[in-house]
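Below you'll find the structure, written out as structure tokens, and then a few comments.
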Amino acid sequence: QVRLEQSGGASVQTGKSLKLSCAAHGDTLNRNCMAWFRRPLESPGMSREGIATIYTGDRSTYYVDSVKGRFTISRDDAENTVYLQMDSLNPEDSAMYYCAADTGMGQNDGSCYLRSYLYKYWGQGTQVTVAT
């Protein structure tokens, strides 16, 4: 059983940076897919939007256009932790952020997908608020 523990959410001003952490417990998650999703604060009924994914086997990453060039997903093997570095934040980035992991996806071909139903394990969520 995998448990994901998130930290790092905060309230910041537009243009500032923030780094989220997601520590995995119960499995080393080598050669697996991990991802970050978010749900806008003003739309709690919306589905979670996948924004970045990393394949822990070769560190390959993928970003959606809305965060590409501003957000960076990375992984520290020693800490068994995935990070989301968020730069140039704007109010549209205000959301509950969730990390996710799956122990099956990616093992055959290293392909990770940003579809929430494909991920078995989820963090508890952390809130990011960006003020103007």
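Brief remarks on what is shown
- From the list Arg75, Arg31, Arg48, Arg3, the lone residue that is out of contact with any Asp or Glu (no Cβ under 6 Å at 6 or more places or on another chain), free of Cβ contacts under 8 Å to residues at least 60 places away in the same chain and either over 22 Å from Thr132 (Cα atoms) or of a type in the set (Gly, Ala, Ser) (or both) is Arg75.
- Checked against (1) touching a residue at least 24 places away in the same chain (Cβ under 8 Å); (2) closer than 27 Å to Met46 by Cα, Thr61 passes all but a single condition, namely (1).
- Test: residue in region 60-67 that is closer than 15 Å to Leu18 by Cα and of a type outside the set (Asp, Glu): yes
- For Met105, the conditions (1) in a strand (DSSP E or B); (2) closer than 13 Å to Met34 by Cβ; (3) more than 13 Å from the chain's Cα centre (by Cα); (4) of a type in the set (A, V, I, L, M) are fulfilled apart from (1).
Bear in mind these aren't lab numbers, they're just calculated from the coordinates by the rules spelled out. None of the values given here were measured: they were computed from a predicted structure. Neighbour counts are summed over all protein chains in view; Cβ atoms, including those assigned to glycine, are modelled from backbone coordinates with ideal geometry.
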